[in-house]
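Here's the structure, in structure tokens; my notes come after.
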Amino acid sequence: MPFVPLPFVVSILLIVLFVAAVRHGDERPANRPFLALILVSAFLSLLSGLRWGYGVRGAIMYLAPVTAATVPPLAYAGVTELVRRSRTPVAGRLFLHAVPVLIIVVLLATWRDAIDMALVVNFIAYAVAILLLMRTGTDALRLAPFEEAAPAYRAILFAAFALLLSAAIDTFVFFDLTWMRGEHSPPLIAAGNLASLIILSIAAATASRSHAVTETVEAAVRSDTGGDKETLSAIEALMAAKRAYRDVDLNLDRLARKLGIPARQISSAINRATGKNVSQYVNEHRIAEACALLVETDKAVTEIMFEVGFQTKSNFNREFRRVTEMSPLEWRERKAAMSPIAIKHDP
């Protein structure tokens, strides 16, 4: 029976993951850096299988480090698509993120022994950069819809720590090759590929569920006006009068445009006044209307979910339970039992 190295299996799984992400069926623009990251990691897994499973070296010794150097920049670029629109020209950004690759190319020609440590520094630097982008919590994801901000935030944090894990594995491999002649490298490489699969699974989930929303120009954001009380009053008025929370694509950037108030001011006001982040605050408005509709109508739970601004049942149920400590059906049944008029339940 032919031997199939574990990295080959990982590569196949990553291709399947890529196809699933592309076929997600979302009208929003794709998060191309995350999709590219999946393909790059699939290619790296293939190279790893050839190197450690069949002892193939040759061109792999050049392709593998250069390709690996593109992984952290792609992860960072995917995150920035959900965080902010960069004011740096596209050409400038591409050049900046091409620097790690250029460094590896130079080291291949001049100082090959330093390549492993250069890759470790690359992974750590970008992981720290991602964590710094996320330092304000879910509110950092200004371009991600509020419904998806919490899972996207957790996914990005996990991806950053997985990059650090990959750096740690590369460090162990470097010392193993230096001191132990690579006796423990194959299992360490396998573990690294599994870690890569975890990173890409999270990245694919983020890419397929938390795309940045294409904005239309609504209003110029004015400078800081008033304190937290005035800001919160303006937000509450928008929620009550226009039910802005029903917008499935509502995010912090779009909310700022609707109000004409800086996004940071909105985030700070809600955080200080309620102790919640903006996504929790908006989702609580959605849940409040859902609770009313569950009691006052006989609409199906799924219909109510879409009506109040949620797109996935898992997010709706999670947020509903966070706010009410029960499921939507449990809420309807409890309120129906307290009411003299029975409410028709979902089938």
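The values are calculated or read from the model by the stated rules, or taken from the named source; none is laboratory data. The structure presented is a predicted model; accordingly, all values stated were derived computationally and were not measured. Neighbour counts are summed over all protein chains in view; Cβ atoms, including those assigned to glycine, are modelled from backbone coordinates with ideal geometry. Just so you know, the surface numbers come from the protein's heavy atoms only, side chains and all, with ligands and any DNA or RNA stripped out. Shrake-Rupley method; radii C 1.70, N 1.55, O 1.52, S 1.80 Å.
Just a few scattered comments:
- Scanning region 24-58 for residues that are closer than 21 Å to residue 77 by Cα, open to solvent by 60 Å² or more (accessible area, probe 1.4 Å) and assigned to a loop (DSSP other than H, G, I, E, B), we see that the one that is modelled with the lowest pLDDT is 27.
Each row is one residue, and each column tells you yes or no for (1) open to solvent by 50 Å² or more (accessible area, probe 1.4 Å); (2) modelled with pLDDT of 95 or more; (3) small (Gly, Ala, Ser).
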| residue | (1), (2), (3) |
| --- | --- |
| 305 | no, yes, no |
| 319 | no, no, no |
| 323 | yes, no, no |
| 335 | yes, no, no |
| 345 | yes, no, no |
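- Some residue of region 64-77 being open to solvent by 50 Å² or more (accessible area, probe 1.4 Å) and under 28 Å from the mean Cα position of the chain (by Cα): no
- Matching residues in region 293-314 - criterion: being in a helix (DSSP H, G or I) and more than 23 Å from residue 242 (Cα to Cα): 313, 314
- Some residue of region 258-267 being of a type in the set (A, V, I, L, M), closer than 19 Å to residue 148 by Cβ and buried (at least 19 other Cβ atoms within 10 Å of the Cβ): yes
- Close contacts from region 119-137, counting a first residue that is surrounded by fewer than 18 Cβ atoms within 10 Å (Cβ to Cβ) and a second that is at pLDDT below 95 and part of a loop (DSSP other than H, G, I, E, B), with Cβ to Cβ under 6 Å and a gap of 6+ residues or different chains, come to 137/277.
- Residues that are farther than 11 Å from residue 10 by Cβ and out of contact with any Asp or Glu (no Cβ under 9 Å at 6 or more places or on another chain) within region 33-42 comprise 35, 36, 37, 38, 39, 40, listed in sequence order.
- Exactly one residue out of 123, 161, 174 is modelled with pLDDT of 65 or more, among the aromatic types (Phe, Trp, Tyr) and farther than 19 Å from residue 100 by Cβ, and it is 161.
Let's see how each residue does on (1) part of a helix (DSSP H, G or I); (2) closer than 18 Å to residue 148 by Cα; (3) under 27 Å from the mean Cα position of the chain (by Cα); (4) without any contact (Cβ under 8 Å) to a residue 12 or more places away in the chain:
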position: 270; (1), (2), (3), (4): yes, no, yes, no
position: 284; (1), (2), (3), (4): yes, yes, yes, no
position: 291; (1), (2), (3), (4): yes, no, no, no
position: 329; (1), (2), (3), (4): yes, no, no, no
position: 332; (1), (2), (3), (4): yes, no, no, no
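- For region 238-250, the count of residues that are open to solvent by less than 50 Å² (accessible area, probe 1.4 Å), at pLDDT below 90 and of a type in the set (Asp, Glu) is at least one.
- Qualifying residue in region 279-295 (condition: open to solvent by 20 Å² or more (accessible area, probe 1.4 Å) and of a type in the set (Ser, Thr, Tyr)): no
- Pairs linking a residue in region 83-110 that is modelled with pLDDT under 80 and open to solvent by less than 60 Å² (accessible area, probe 1.4 Å) to a residue that is in a helix (DSSP H, G or I) and not aromatic (Phe, Trp, Tyr), with Cβ atoms under 8 Å and 6 or more positions apart or on different chains, are 86/80; 86/93.
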